[in-house]
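Below: the structure, in structure tokens.
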Amino acid sequence: MTIGDRLNRIIKEQGITKTEFARRIGVTENYIYILTGKSRSANKTKVISPMLAKVIGLEFGYDPDWVLNGDGEK
């Protein structure tokens, strides 16, 4: 499961839009669309910082390790 898959799962489980998700964690909507999109242009690996994973975890109640790497519990 990619970072985009995990973020899309959080968004779906929370019942919110990508716009709302971005607003609540303090990033741009465009950044969320880049991370969660299916485009694999130039095979670039999409990553987020450990700090952003922690913010997402705290805001939405998910394990930051799971958000960042898919490790630990959801």
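Nothing in this text is a laboratory measurement; each read-out follows from the coordinates by a stated rule. Being a predicted model, the structure only gives us computed values, none of them experimental.
Tabulated values for the structure
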{"quantity": "Global geometry of the chain, whether rounded, prolate or oblate, following the gyration tensor of its Cα atoms and the 1.5 cut on a/c", "calculated": "oblate"}
{"quantity": "Relative contact order %, the chain, counting alpha carbon pairs below 8 Å whose residues are six or more apart", "calculated": "32"}
